[in-house]
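The values are calculated or read from the model by the stated rules, or taken from the named source; none is laboratory data. The structure displayed is predicted, hence computed values, not measured ones. Here the Cβ positions follow ideal geometry from the backbone for every residue, glycine too, while neighbour counts run over all protein chains shown. Each accessible area value is taken on the protein alone, full model and side chains, heavy atoms only, with ligands, DNA and RNA left out. Shrake-Rupley method; radii C 1.70, N 1.55, O 1.52, S 1.80 Å.
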Amino acid sequence: MEPHADVIIVGAGAAGLAAARELSVAQLKVIVLEARDRIGGRIHTHFDKWPIELGAEFVHGKPPETLAIAERAHLKLQSIPNLHWHFHDGVLTKSGEFWSKVEDVMEEMSRYDGPDQNFETFLDQYKRKTRIEDIGSIATLYVEGFHAAHADQISVHGLNKTNKAAREIDDDKQFRVEHGYDRITQAIHDEAVDSGAKFHLDTIVEEVNWKRNEVAVVTTSSQQFKARRLIVTLPLSLMQTVRFVPPLTQKQNAVHRLAMGHVIKVMLRFREPFWEELSIPGEEEKPDDLKDLTFIHAPAELLPTWWTQFPVRTPVLAGWAGGTRAEKLSVESDDALLDHALESLTHIFGVSKGVLEESLAEFYTHNWQRDPLAAGAYSYIPVGGVDAQAQLARPLDDTIFFAGEATNEAGHHGTVHGALATGIRAAREIIFNRG
């Protein structure tokens, strides 16, 4: 006899876990089918003396969804100082000027009420108007890095929507989950299991046959699961990898009007935090030390954004590239990525590559673009796609429901808390309309 449930959830990432917890607490019978051999999806914490976050790392602002989980599980969120350094023309400076320039562009963009256009076009107009030196490279680095997007494709209206949503949760404040982000996913999973949810890992969904209030899910190993309702939490790039009978033709337009962004992230663990012993020229010829180094922005580098684990003092550096640079780097080998990373650090810190290689203990990366169960980092809104998330999120015939960061129509796509919110939303659509 096939396993039967009230609800089947495809995917045990943040959205699927949140939905499973919400539904099972409401005493519905839940089965979660996950293709990976682990839960968490694009949250992927590896432990090597310290947590090594190969996927999501930051809690952006104070999202109620994440805070509620942390409070229930007694997890501590570590506040990250908003300290930014800028590497430009061979000089590393400790200054708020980099970030203030970005904020000025975003503020000007928030007042734009014309027809939708891509960010690159808007930025060209802004540069002609202000004539601010290097604003093009700084603003492009921010948008492509933070949103994993192409500057010549991402929507200005979509960016304004995202920025407004970010301000509502104090997004200028950043946190990490003490001992690793997977503490969040494990906590939700455990709550769901304690309430009766059943998880099947290493289970790839191949086909869904459905009609109103009746769903049959077939896996690649010919297992079959049945339920009255289904929640799909697949990443945007994989929405068409599962065969639906009848097909979800009305969702194809929404999928095509959104885009999957690309990110390359590298994590380097050195034997010692060598940067803490360095100093650079400061104001009035007084040198600044790098003991409290947090974020570095180096627009000219292939890996242009770096950060430490400060305020926790570890010998770990994270390097990040998004958008067009990430697409180019995604075809490189891990050895080539390491080489690019060390070259960037050589330029930024003025330390020889040989010294860095001798100090390096471990190198980690995960290529989300080439990961067949992700095929990208997270979604963004291209020009003309602002309403596509709502279209994608809309349930079908009170039977198939949709969650995942790409279905977050409130401006929180591309984030863990945005994914959590959609899982909760999809679950409540079922709970409040069950019959």
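Would a scan of the stretch 94-111 turn up a residue that is assigned to a helix (DSSP H, G or I), surrounded by 20 or more Cβ atoms within 10 Å (Cβ to Cβ), of a type in the set (Ser, Thr, Tyr) and modelled with pLDDT of 95 or more? Working first, answer last.
Looking only at the stretch 94-111, we keep the residues that are assigned to a helix (DSSP H, G or I), and these are 97-110.
Restricting the remaining residues to those that are surrounded by 20 or more Cβ atoms within 10 Å (Cβ to Cβ) gives 98, 105.
Narrowing the set further to residues that are of a type in the set (Ser, Thr, Tyr) leaves none.
No, the stretch 94-111 contains no residue that is assigned to a helix (DSSP H, G or I), surrounded by 20 or more Cβ atoms within 10 Å (Cβ to Cβ), of a type in the set (Ser, Thr, Tyr) and modelled with pLDDT of 95 or more.
Select from the stretch 204-241 the residues that are touching a strand residue (DSSP E or B) at 6+ places or on another chain (Cβ under 6 Å), outside any strand (DSSP E or B) and either acidic (Asp, Glu) or farther than 21 Å from Ala419 by Cα (or both) and list them in ascending order.
Asn213, Thr220, listed by residue number.
Could you tell me which numbered condition Glu120 fails, if it satisfies all but one of (1) acidic (Asp, Glu); (2) free of Cβ contacts under 8 Å to residues at least 24 places away in the same chain; (3) open to solvent by 70 Å² or more (accessible area, probe 1.4 Å)?
For Glu120, the failing item is (2).
Given the options Ala403, Ala375, Ala410, name the one that is of a type in the set (Gly, Ala, Ser), touching a Pro at 6+ places or on another chain (Cβ under 9 Å) and at pLDDT 95 or above. Reasoning before the result, please.
On the way: Ala403 fails: touching a Pro at 6+ places or on another chain (Cβ under 9 Å); Ala410 fails: touching a Pro at 6+ places or on another chain (Cβ under 9 Å).
Being of a type in the set (Gly, Ala, Ser), touching a Pro at 6+ places or on another chain (Cβ under 9 Å) and at pLDDT 95 or above holds for just one of Ala403, Ala375, Ala410, which is Ala375.
How do the pairs read when you match residues in the stretch 162-187 that are in contact (Cβ under 8 Å) with a residue 12 or more places away in the chain and farther than 18 Å from Leu54 by Cβ with residues anywhere that are open to solvent by less than 80 Å² (accessible area, probe 1.4 Å) and of a type in the set (A, V, I, L, M, F, W, C), using Cβ under 6 Å and keeping only pairs 6 or more apart or on different chains?
Asn163/Met106; Ala165/Ala410; Gln174/Phe58; Gln174/Ile80; Phe175/Val59; Phe175/Leu77; Ala187/Ile69; Ala187/Ala73
What is the number of the single condition among (1) touching a Ser or Thr at 6+ places or on another chain (Cβ under 6 Å); (2) surrounded by 23 or more Cβ atoms within 10 Å (Cβ to Cβ); (3) closer than 27 Å to Trp210 by Cβ that Ala393 does not meet?
Going through (1) touching a Ser or Thr at 6+ places or on another chain (Cβ under 6 Å); (2) surrounded by 23 or more Cβ atoms within 10 Å (Cβ to Cβ); (3) closer than 27 Å to Trp210 by Cβ one by one, Ala393 breaks only (2).
Are any of the residues in the stretch 267-281 under 29 Å from Leu236 (Cα atoms) and buried (at least 19 other Cβ atoms within 10 Å of the Cβ)?
As a first pass, look at the stretch 267-281 and keep what is under 29 Å from Leu236 (Cα atoms): 267.
Subset that is buried (at least 19 other Cβ atoms within 10 Å of the Cβ): 267.
Yes, some residue in the stretch 267-281 is under 29 Å from Leu236 (Cα atoms) and buried (at least 19 other Cβ atoms within 10 Å of the Cβ).
Tell me which of these Ala166 doesn't satisfy, since it passes every other one: (1) at pLDDT 95 or above; (2) closer than 17 Å to Gly261 by Cα.
With (1) at pLDDT 95 or above; (2) closer than 17 Å to Gly261 by Cα applied to Ala166, the lone miss is (2).
Being more than 23 Å from Asn433 (Cα to Cα), of a type in the set (A, V, I, L, M, F, W, C) and in contact (Cβ under 8 Å) with a residue 60 or more places away in the chain: is that true of Phe199 here? Explain how you work it out, then say what you get.
On the way: more than 23 Å from Asn433 (Cα to Cα): yes; of a type in the set (A, V, I, L, M, F, W, C): yes; in contact (Cβ under 8 Å) with a residue 60 or more places away in the chain: yes.
Here the answer is yes, as Phe199 does meet what is asked.
How about the stretch 307-417: which helices (runs of 4 or more DSSP H) wholly inside it have at least 2 residues that are under 17 Å from Glu53 (Cβ atoms)? It would help to see each step written out before you state the result.
Working: elements: 324-329, 334-349, 353-359, 388-393.
Where helices (runs of 4 or more DSSP H) fall fully within the stretch 307-417 and carry at least 2 residues being under 17 Å from Glu53 (Cβ atoms), they are 334-349.
Please count how many residues of the stretch 298-313 are open to solvent by 10 Å² or more (accessible area, probe 1.4 Å) and in contact with a strand residue (DSSP E or B) (Cβ under 9 Å, 6 or more places away or on another chain). Quick ask: steps written out before the conclusion?
Filtering the stretch 298-313 down to residues open to solvent by 10 Å² or more (accessible area, probe 1.4 Å) leaves 299-302, 305, 307, 309-313.
Next cut, in contact with a strand residue (DSSP E or B) (Cβ under 9 Å, 6 or more places away or on another chain) only: 299-302, 305, 307, 309-312.
Residues flagged as open to solvent by 10 Å² or more (accessible area, probe 1.4 Å) and in contact with a strand residue (DSSP E or B) (Cβ under 9 Å, 6 or more places away or on another chain) within the stretch 298-313 amount to 10.
Give the stretch 53-90 a look and list any residue that's part of a strand (DSSP E or B), surrounded by 15 or more Cβ atoms within 10 Å (Cβ to Cβ) and modelled with pLDDT of 95 or more, or say none.
From the stretch 53-90, those part of a strand (DSSP E or B) are 53, 59-60, 77-80, 84-88; that's our starting set.
Now restrict to residues that are surrounded by 15 or more Cβ atoms within 10 Å (Cβ to Cβ): 53, 59-60, 77-78, 80, 84-88.
Glu53, Val59, His60, Leu77, Gln78, Ile80, listed by residue number.
Out of the residues in the stretch 25-50 that are closer than 18 Å to Ala419 by Cα and not in a loop (DSSP other than H, G, I, E, B), which is most open to solvent (accessible area, probe 1.4 Å)?
Thr45
Any residue in the stretch 325-342 that's surrounded by 15 or more Cβ atoms within 10 Å (Cβ to Cβ): show its pairings with residues that are part of a helix (DSSP H, G or I) and hydrophobic (A, V, I, L, M, F, W, C) at Cβ separation under 6 Å, as long as the two are six or more apart or on different chains.
As it stands, the answer is Leu342/Leu356, since those pairs meet every condition given.
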